1. How about the range B:66-92: which of its residues are buried (at least 21 other Cβ atoms within 10 Å of the Cβ), out of contact with any helix residue (DSSP H, G or I) (no Cβ under 8 Å at 6 or more places or on another chain) and more than 7 Å from chain A (Cβ to nearest Cβ)?
2. Determine whether the range B:96-111 contains at least one residue that is at the interface with chain A (Cβ under 9 Å from one of its Cβ atoms), touching a Gly at 6+ places or on another chain (Cβ under 8 Å) and without any contact (Cβ under 8 Å) to a residue 24 or more places away in the chain.
Amino acid sequence: MRRHARRNPPGTFKSPVPMGLDEVDVSLLDVIDHVLNQGIVLSGELTLGVADVDLIYVRLLALVCSADRALSYGAAPALSPLKAERRRA
Amino acid sequence: MSLCVYAIVGRRFNRRLLIRVNGASGARVRSVNAGATSALVAECKGPLSPTVRALRGHDAVVRRIARVAPAVLPVRFGTLVDSDRSLVALLDAWSDDLEKALALVDRHCQMTLRLFALPGTTAPPAQSGPADKADEAPEAAALPGTSYLAGRARAHAVAQSAPELEPLREAFAPIVASERIARHDQGPLVLTAYHLIPRGAVATYRRLLRRHAAALQHRAVVSGPWPPYAFVPELRR
């Protein structure tokens, strides 16, 4: 019998680091908690200057979205796709 | 065109493998370097809607990044910056905090353990310990501001305590490098514990949990391994 080489699923590859992140049991609750409620929040504005002359105005377009804030929008258009997908799920 | 920020990593990561990681929009993930840290970004159009597909896509990209980088700080979904220059300035401003956090999560991953009240039982609110009662007398005589701050500190300590996890403490001690607790006031979910463990200790963690779960007096649900979402520094200041 011909043996086929085992291939990684599309978009993945063998990890050079012993990670173990493949064995995942990910519920939607977990994804929302981690992706929307955790993680670094980069927010703010910075003005970098030398000798009182502003050189760079750092503009962040960050949408900093926590689960609480997202849910408080209720029927906001940005959330409606999430609601629709959850209803379908 | 904006840059979607997925993660911040130390400079020690496999750049050669990064070319095989794409962002949720399909654009190639690339690094923006600033000192000892790098941000991993991909070009995207405008604000991101928090759809299920987008959220899962963000997590998938962070996981792929974790495979090529031993130390990863995930960035919250929806974080966009307008240019490399903006990002470099932010990374520079927070470099100390980021480097400390990267050292903590280096070669570690996160397990998320949720404790639910058993059916027919009600979840008791977190109790303050005997040590807190001993502090009440001096506090009563303190200035209102001091009393307020002491109360805040006590509330914070209670929020971070998890006596429900005591049956696991001794068993988990060799592998849990750090812990974050989130207590929940409503519903059957009593608390969520985020445990930072070495990447190679996932099977051990699950085995220990199975062995000691019966002593917990709660229903325990574990998920993971995750990139260390709960072990990122507070950068708001």
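Taken together, the values in this text are just the output of simple stated rules run on the coordinates, not laboratory data. Keep in mind that what you see is a predicted model, and the values were worked out from it rather than measured. Quick reminder, even Gly has a Cβ in these numbers, built from the backbone with ideal geometry, and neighbours come from all protein chains shown.
1. B:69, B:87
2. No, that holds for no residue.
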